[in-house]
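Engineer: Sending over a structure as C-alpha cells; questions will come in a sec.
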Amino acid sequence: MKVLVVGGGGREHALAWKCAQSPRVEQVWVAPGNAGTALEPKLQNLAVAADDVGALLAFAAAEAIDLTIIGPEAPLVMGIVDRFAAAGLRCFGPLRAAARLEGSKAYAKDFLRRHSIPTAGYRRFSKADFDADYVLAQRLPIVLKADGLAAGKGVLICASHAEAIAASEHMLGGALGAAGETIVVEEFLAGEEVSFIVMASGRQVLPLATSQDHKRRDDGDAGPNTGGMGAYSPAPIVTPALHARIMSEVIEPALRGLQADGNPYTGFLYAGLMIAPDGTPNVLEFNCRCGDPETQPLMLRLSSDLPALCEAALDGRLAGASARWDPRAALGVVMAAGGYPGHYRSGDAIEGLDAAATLPGKVFHAGTRLEGGRAVTNGGRVLCAVGLGDTVRDAQRQAYDLVHAIHWNRVQYRRDIGHRALARER
Ligand SMILES: Nc1ncnc2c1ncn2[C@@H]1O[C@H](COP(=O)(O)OP(=O)(O)O)[C@@H](O)[C@H]1O
Ligand SMILES: [Mg+2]
C-alpha cells in the first residue's frame, strides 16, 4: 500500500517512519517532510505544503494513495478530510466540523461545559461585548486565550488585572488577526499537565500509551512556553486509576458529545489535561491530532502496525483492535535553534548525525532541510533525540548520548527532560 503523511515536523517523521515499518507498505510520501524523511528508507518527500489541500488531494488521487495521515491541525481545521472523503480517498483525521474542537477554543469550552466535562471556569468575549469589570473580578493569575489557531502564541497567563485587560484589548484589537476576534478568559488551574492521546472512531476508542511533555524552554520548567522541549512515555503520573478517570470523565463523554452534536470524530484526539491535586482531570484544550513531541517517543514504543490501526478506525473496527507497546520507557529531547521560541537563525550545518545514527535510539528530524546533501537547520525545533530504556533513567541516558553526539552553532536543549518521571521512579 501507499501512504501519504501530511506535515514536515518531528511528529510526521515519527509517523512516517512507523508506517514504513509495516510490511504492507511499499512507499510513504511525506508532504513536505524534512531532511530526516528525505533520507529514511521507503520514505520520499513531496514538495507540497501541509496546508495546500488542493495539491495534496490532486497528488493522492493521481498516485492512488491508499491511506493519508494528517499530522498538523491547520489542514484538518481547513477541512482536508472532508475533501479527501468526497473524492473517495481514505484519510485519517477528523472532519472539519469535528476539528473545530481544536480550531476554536471558545467552541471547545462551550462543548466541555455542555457535556459536563471538567474544565476551568470561563467566559468568552468579542470586541463588542468585552467586559473589563468581569476581568477585574477574577482571581489572579488570569488565563487569556485567543479563540483561533495561533501557533502556540495565543495563550497568556496574566499576573495582574491591568495586564489581563490590556492583553485582552490587544487581542480583540486584531493583534493575532482573526484568531483573536473572540477570546476566552479562564480560571488558572494548578496541578500537573498530562497529554492523553487516543485514536477514535465515533464512540470507539483506542487509547495510546500515556505520555507527558515539557512545554517550557528552560530547565526546571521555567522560561517561555514553547511547542514542547521533550516528552516521554509512559507517564508514571497516569496510574491505572487516573487512566480510568480520564477515560470515563473526559474521553468517553467527549466522543459521545461529538456524536450527539452530529460531529462524530475519527482520528487522533489529544486532550491536554491539568491533573488537579484531588485527581480531577481538567481539560485545558483538545487537539485534533497527535502531539509533538509526544508522538516521537510514542512511535518508538509502538510495536503494532500503524496503518492497520488507522484503517481499523476508518472502517469502524477500532473496538476490536488493540495496540502493542514496547514495555520500555522512551524519552525524547528536543534540540532547538538558539533563540527559539523567539527569533532564531536557519541554515546552520548540523554536525554529528552520522555518528548519532550508529548509537542506539532514534533521532527524528523537525526543522531541517537538505542543502547540497547535508542537513541544515530550518526551524525552531530542529531534532528530537529519543532513547529507550528499562527505566526512565536509562531512556534519558540513551537520549542524551544522542544529543551529545550532535552539534550546530547555538544549539539549545534542556538537560532535565523526564525529571518528573525520574522523581516518581526513585
Ligand atoms: N486554565 C489554565 N490554567 C493553567 N495553565 C493553563 C491554563 N490553560 C492553559 N494553560 C497553560 O498554557 C499552555 C497552553 O495552553 P493551551 O490551552 O494548551 O493552548 P495552545 O496549546 O493552543 O497554546 C498549556 O499547556 C498550559 O501550560
Ligand atoms: Mg496546548
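Engineer: Take the residues in segment 266-307 that are away from ligand 1 (no atom under 12 Å from the Cβ) and of a type in the set (S, T, N, Q), then tell me which one is surrounded by the most Cβ atoms within 10 Å (Cβ to Cβ).
Structural biologist: If we take residues in segment 266-307 being away from ligand 1 (no atom under 12 Å from the Cβ) and of a type in the set (S, T, N, Q), then Gln296 is surrounded by the most Cβ atoms within 10 Å (Cβ to Cβ).
Engineer: How many residues does segment 56-66 hold that are out of contact with any strand residue (DSSP E or B) (no Cβ under 7 Å at 6 or more places or on another chain) and surrounded by 14 or more Cβ atoms within 10 Å (Cβ to Cβ)?
Structural biologist: 2
Engineer: Another question, then. With respect to Arg24, determine if the residue is in contact (Cβ under 8 Å) with a residue 24 or more places away in the chain, in a loop (DSSP other than H, G, I, E, B), at negative phi and among the charged types (D, E, K, R).
Structural biologist: Considered against the rule, which asks whether it is in contact (Cβ under 8 Å) with a residue 24 or more places away in the chain, in a loop (DSSP other than H, G, I, E, B), at negative phi and among the charged types (D, E, K, R), Arg24 comes out as yes.
Engineer: Give me the pairs, please: first residue somewhere in segment 275-293 and under 18 Å from Tyr232 (Cα atoms), second residue anywhere and near ligand 1 (Cβ under 10 Å from one of its atoms) and in a loop (DSSP other than H, G, I, E, B), beta-carbon distance under 6 Å, and either six or more positions apart or on two chains.
Structural biologist: Sorted first by the residue in segment 275-293, then by its partner, the pairs are Ile275/Gly191.
Engineer: Looking only at helices (runs of 4 or more DSSP H) that lie completely in segment 40-107, which have at least 2 residues being within 21 Å of Ser201 (Cα to Cα) and not acidic (Asp, Glu)?
Structural biologist: Fully inside segment 40-107 and qualifying: 73-78, 80-86, 96-103.
Engineer: Condition first: outside any loop (DSSP other than H, G, I, E, B), within 16 Å of ligand 2 (Cβ to nearest atom) and surrounded by 19 or more Cβ atoms within 10 Å (Cβ to Cβ). Now tell me which residues in segment 123-179 satisfy that.
Structural biologist: Pass one, segment 123-179, residues outside any loop (DSSP other than H, G, I, E, B): 123-129, 132-136, 142-146, 155-158, 161-175, 177-179.
Among the residues that remain, those that are also within 16 Å of ligand 2 (Cβ to nearest atom) are: 143-146, 155-157, 179.
Scanning segment 123-179 gives Val143, Leu144, Lys145, Ala146, Leu156, Ala179.
Engineer: Same structure again: Hey, can you tell me all the residues within segment 191-231 that are hydroxyl-bearing (Ser, Thr, Tyr) and within 14 Å of ligand 1 (Cβ to nearest atom)?
Structural biologist: Ser195, Ser211, Thr226
Engineer: Residues in segment 271-282: is at least one closer than 27 Å to Ala385 by Cβ, of a type outside the set (A, V, I, L, M, F, W, C) and assigned to a strand (DSSP E or B)?
Structural biologist: For segment 271-282, residues closer than 27 Å to Ala385 by Cβ, of a type outside the set (A, V, I, L, M, F, W, C) and assigned to a strand (DSSP E or B): present.
Engineer: Would you please name the residue that is nearest to the chain's Cα centre (by Cα), looking only at residues in segment 183-204 that are of a type outside the set (Gly, Ala, Ser) and open to solvent by 30 Å² or more (accessible area, probe 1.4 Å)?
Structural biologist: Among them, the one singled out is Glu193.
The values are calculated or read from the model by the stated rules, or taken from the named source; none is laboratory data. Worth saying up front: this structure is predicted, and the values here are computed from it rather than measured. In this analysis, Cβ positions are derived from the backbone assuming ideal geometry, glycine residues included, and neighbour counts consider all displayed protein chains. The accessibility values were calculated without ligands, DNA or RNA, using every heavy atom of the protein model including side chains. Shrake-Rupley method; radii C 1.70, N 1.55, O 1.52, S 1.80 Å.
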